[in-house]
């Protein structure tokens, strides 16, 4: 399915693996400040708003963002939450935001998670689809800035906002279940394991890396959450942009989906279509794809952010191999 | 530590992750046919031999290969086997090959695993170090061609040659232990799991990828063996060079070591310094490094293979990021 | 902590392991029909009610039941639910039942789980302790008859009643979390595992019983829930009383706590103090203790059930060993 | 299959679970000192030897012991080792002992493991079956006294004697594999787990007994070995006979096979037919059966050990329930 993560060195980094069996045709998309956002059930329009950059499927001229970051460093990624996501009919006393409008609504107006919490408190997430051809995606969201992360889940019993101290999100089950399950892994360590089994027996650390024995290695959403949490919480690197971006992609690599390991009932394989890493402080969107391991970078600030027109860079799928000789 | 793997599409691919806490200074090295190999305890010299390409540390003018492939498609990788590797004193009736000479000895003369088996049968692997500064590495080897793989282990009780139907090698324990342990994972599947627990209970496949729950996710050598075996045996891709190479690197990615997840007692972290993939049919050596995700390619056949001088391409460590805008 | 389970052959059986570091002094206790139950916050008294049998600590003349069964075959066991249980202040519009009164309240009046559900719907579970010396136990309950089981949990957000298709209860986490976690084990089987890993590799079922590899073996409440569920759902036996009771104790044995395996922070060990099995149809209460493996049986119907006085049989702790020669 | 274990308090205890789908008709059997043992390929006869007690199938008048202890406190149990056990043709220079003669040969003559090692060093274990109807059992053995245990395995490449510091034996794989696998569990503990995952995350020990999360709970021989090792190495009890025997049976209970959890290909279930515990110092053989949980005790020293006739006590299968009222 998907995994999103955060990473803080000198700057703040936010990104995700998008895991699926096919691509809708994704584009790194910059929405400048004066691109007008209209909302289906809201009178308010966002004709001037924070600029944002992220990966989107462009439907007509509308950016359906999978993940994006605004110029203030607020970050959101939507991840599959099938079977648990539930959206509501519009109601009079709330800000009725359609599910597909969530990212523009929050990134357009909020400079921080704190501000996003306030908008969410007044929000009703509605079940209005973008179009007949693009039905409702069942999603939940990781919303982060450099100081905190939250998980937003719209379920039958309403909107839930959870503190997310891990800064990682995958898919099912609901977030409290994911966090609870981490307790079962608290003894895992990057360091050499100690013998607590029996002082009378001679144990041997026959390999490096034995301290994390018990860490799950499969591609289910619960196992990816635990593994990404372990990798992210223990990750370390230098503070430079290159070192930080490099390390961020390695965090995502720990939960990458290889072709062949996740067979769907339709006979197709789910793979990691793209991995992204956005420098939320500088507005640089880096990505790789399954077949193009070289990192590509799109700079938000290299574009005219006062424009009212989307800037679109279709994803580069083809491998770029450096021939040495 | 390390993981080596093979992959067959139209061509045959062989490569490895080299996991360690520092690099000796590695170079993609082509040894042409007339580079003279002298052997410490053998009168025979290899003054004309098969050309080979691989990753090596060059000591003086001598290529200490970590992994290499010759022009006939025979492939060898040496991987740490600490605590179990044992080499012998030279003996009169055998071909006394020093541990560091193994790759030149076999790749210089053998066109296939079958031929390598014959040389190994006459061989005594000796404990003569390359130099005082480069003491004996404790290794075992994966030796492969497109039809079969074997594991070679020199232990106290002598040389062992094992059929390796998986085409994967990591480190400890000895290979029969690794293969035995796979039995405990036979029920793992890339497909959706079936309910065998109880027909009376309603189970839910809440996520894709649940069929491999139980697959270990840590970095110990046993867990990497199982995980790489699962990924490799289920891997699939198109037959083109690009698709094959891409998929091969994804197999290695499944057992990549991220910085922070394997803390050594000296306070350093073991990481995947480089990953390699050699097209054994065409003699193209591809690699990536921890910080340079872009694939670099060195072509053996672009060099003068009748030469007697090593061709050396120091590894490119620095990230090459493609700036889009 | 504790594990409760149900088992249906010809008759219906219900029982539990009580796991703790010391015993309060337990007695198999029969409460006849005319023993008067007064309730702290209810005007209603139960002066005539269903008779019940179970294990209790008798405080004064009051039976604080851990688990009990009434003459209609309704069964309840209370199990630790520390950190999650929350009881309320009395409220006007509800039946205010103190936590320690729950078992008498339900078993005294209900002939079935269906009837218990009705009482629970009108009930407020209050935080009134039995006495200063016996503070509130943090519990949740398994309530069963031969047709269905439910789990009752009183948490901060109120009373929860969950269908329990497994007929097993342990301790934390809340029941929906326990049930969800079972999904991760659906592929476990009592039968020989099949090879889904790779058709190209030769796997060996080197042992019987390999189909359930992955089943957790530790004593945490989540692992005991999964293991007891697997054992119970796959358990089979003849229908006779002896065979049924024997098999029931074996289900409980699968989650028994051995002295030494669960070390508390006070230096004591938690062990299975007693295991019980009640034939809910015939009112026979069987039990064993940690040191007395022989089954003892107390028959409710051998007592005068029209009495108003508790019948008490202190638990037999001492081993009864049959000397053959 | 089976599990054997040792336990030392004031006295030394030795016993086993015998797991199988049917019983041959087992009897607690005392072989007095003058019962004559003839050997198929040895001229030497044991007409006067140490007395022994254990569980046997009596074929004709010959005790085919599954497990036994002699009057000096030497203990042996044979456990299935299917697919790995290999016996030899008789050879001239060795003591040729048929597989079924091993227990009488060693227990008849040796007062200690040390003495048994000497006999084993001169021994050739032969492939002569007891009779046509009782073909060769494929076994390996746990041989113990109060100071040490060894594992004896006869394989294609000859007899292996391994120190067994755990004092536990199950079945496949060969003993070095079993011991090696323990390394992967060294961090398991009876105590509360510590957080090594991340100091920045709040973990909760939601249950007692979480320190051993990762301990396998299935019935495969490898999982039983690990679980029995953990339980045995951490077991503790008082030194009295009752406490010691009680605790020993609890060690065996941790690897008991419940009916329903191990389904064979013939449709039958493998269960723990009997569990035994022998006080090796006093010659008292205790046992329970699947349906008879009460411990029965047979005293070797209550019989005339100078006799030449087997003393036989058929196993008591029927439950003995203590009726309280």
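Values quoted throughout were computed directly from the atomic coordinates according to the rules given, and no laboratory measurement underlies them. Please read these numbers as outputs of a predicted model, since none were measured by experiment. Every residue, glycine among them, receives a Cβ derived from its backbone with ideal geometry; neighbour counts consider all protein chains shown.
For the rotation bringing C onto A, which C residue has its Cβ nearest the axis, and at how many Å?
Nearest to the symmetry axis by Cβ: C:177, 3.
Provide an ascending nm list, one decimal, of label-point separations from residue D:38 to the equivalent residue in each further copy; define each label point as 7 Å from Cα along Cα→Cβ.
Label-point distances to the other copies, shortest first: 7.4, 8.5, 10.7 nm.
Report the Rg/Rh value for the stretch D:170-241, based on alpha-carbon coordinates and the Kirkwood definition of Rh. Let's see the in-between values first.
Numbers: Rg = 15.0 Å, Rh = 14.2 Å.
Rounded to two decimals, Rg over Rh is 1.06.
With the radius of gyration and the Kirkwood radius both derived from the Cα set of the stretch B:1-120, what is their ratio Rg to Rh? It would help to have the intermediate numbers written out before the result.
Details: Rg = 14.6 Å, Rh = 15.3 Å.
Reported Rg/Rh, Kirkwood definition of Rh: 0.95.
On average over all directions, what projected area in square nanometres does the stretch A:94-163 have, based on the convex hull of its Cα atoms?
That works out to 4.7 nm².
What is the mean number of Cβ atoms from other protein chains located within 10 Å of the Cβ atom of each residue in peptide A:74-83, rounded to a whole number? Present the calculation step by step, with values, prior to reporting the outcome.
Values: counts 0, 0, 0, 0, 0, 0, 2, 0, 3, 4.
Counting other chains' Cβ atoms within 10 Å and averaging over A:74-83 gives 1.
Anyone know which of D:23, D:144, D:223 comes out most mobile in the 10 Å Cα GNM of chain D?
It is D:23.
Among D:25, D:60, D:108, which one moves the most in a GNM of chain D with springs linking Cα atoms closer than 10 Å?
So, out of D:25, D:60, D:108, the one fluctuating most is D:60.
Across peptide C:174-185, what mean number of C-beta atoms from other chains lies inside 10 Å of a residue's C-beta? All intermediate terms of the calculation are to be shown ahead of the outcome.
On the way: counts 2, 0, 4, 6, 0, 4, 9, 6, 6, 16, 13, 7.
Average per residue, whole number: 6.
For each of D:136, C:125, count neighbouring Cβ atoms within 10 Å of the residue's Cβ, then give the residues from fewest to most. The partial results should precede the final answer.
Values: D:136 16, C:125 26.
Listing D:136, C:125 from fewest to most nearby Cβ atoms yields D:136, C:125.
With n ≥ 4 as the cut-off for DSSP H runs, can you work out [θ] at 222 nm for chain C, using -39500 (n - 2.57) per run divided by the number of residues, rounded to the nearest 500?
Working: 5 runs with 52 residues, N = 325.
Mean residue ellipticity at 222 nm (helix-derived): -5000 deg cm²/dmol.
Can you put B:14, D:197 in order of Cβ neighbours within 10 angstrom, beginning with the fewest?
Details: B:14 32, D:197 24.
Listing B:14, D:197 from fewest to most nearby Cβ atoms yields D:197, B:14.
Run through the other copies and list how far each one's label point is from that of residue D:119, in nm with one decimal, shortest first; the point sits 7 Å from Cα along Cα-Cβ.
5.3, 6.6, 8.4
Based on a Kirkwood Rh over C-alpha pairs, give the Stokes-Einstein translational diffusion coefficient of the stretch A:47-186 at 4 °C and viscosity 1.567 mPa s in µm²/s. Show your work: numbers first, answer last.
Values: Rh = 15.4 Å.
It comes out at roughly 84 µm²/s.
Would you list D:218, B:26 from fewest to most Cβ contacts within 10 Å?
Details: D:218 25, B:26 22.
Going from sparsest to densest Cβ surroundings: B:26, D:218.
Under the convention of a label 7 Å out along Cα→Cβ, give the distances in nm from residue C:156 to the same position in every other copy, shortest first.
Relative to the other copies, residue C:156 has label-point distances of 2.3, 5.9, 6.3 nm.
Counting partner chain Cβ atoms within 10 Å of every residue's Cβ in A:240-248, what's the average?
Details: counts 0, 2, 5, 4, 0, 4, 8, 6, 0.
That average works out to 3.
Mean shadow of the stretch B:51-91, computed from the convex hull of its alpha carbons, in nm²? Working shown, then result.
Values: hull surface 18.1 nm².
In nm², the orientation-averaged hull projection of the stretch B:51-91 is 4.5.
Write down the Å³ per residue value for the convex hull defined by the alpha carbon atoms of the stretch B:2-314. Show your work: numbers first, answer last.
Details: hull volume 46.1 nm³, N = 313.
Hull volume normalised by residue count: 147 Å³.
Is the stretch A:275-318 best put as rounded, prolate or oblate by its Cα gyration tensor, with a ≥ b ≥ c the root eigenvalues, rounded for a/c under 1.5, and otherwise prolate when a/b is larger than b/c, oblate when not?
Values: a/c = 3.33, a/b = 1.67, b/c = 2.00.
Oblate is the answer for the stretch A:275-318, as a/c is 1.5 or above yet b/c matches or exceeds a/b.
Using alpha carbon centroids, what distance separates the stretch C:112-162 and the stretch B:133-168, in Å?
For the stretch C:112-162 versus the stretch B:133-168, the Cα centre distance is 63 Å.
Among DSSP beta bridges lying fully in the stretch C:2-314, give the percent that are antiparallel, nearest 5. Don't jump to the answer; show the numbers that get you there.
Numbers: 65 of 70 bridges.
Of those bridges, close to 95 percent are antiparallel.
Is the shape of the stretch D:239-317 rounded, prolate or oblate, going by the alpha carbon gyration tensor and its root eigenvalues a ≥ b ≥ c, with a/c under 1.5 for rounded and a/b larger than b/c for prolate?
Numbers: a/c = 3.13, a/b = 1.58, b/c = 1.99.
Cα axes put the stretch D:239-317 in the oblate bin.
Taking the alpha-carbon centroid of each part, what is the distance from the stretch A:19-92 to the stretch B:227-268 in angstrom?
Each part reduced to its Cα centre gives a spacing of 33 Å.
Where is the GNM fluctuation largest for chain D (alpha-carbon springs, 10 angstrom cutoff): D:186, D:155, D:55?
Residue with maximal mean-square fluctuation among D:186, D:155, D:55: D:186.
In terms of the Cα gyration tensor, with a ≥ b ≥ c the square roots of its eigenvalues, is the protein assembly as shown rounded because a/c is under 1.5, prolate because a/b exceeds b/c, or oblate? Could the numbers behind the result be given before it?
Working: a/c = 2.65, a/b = 1.13, b/c = 2.34.
Oblate shape, in that a/c is at least 1.5 and b/c is the bigger or equal ratio.
One quarter of the convex hull surface, Cα atoms only: what value does that give for the stretch C:177-325 in nm²?
Numbers: hull surface 61.6 nm².
Approximately 15.4 nm², given one-decimal rounding.
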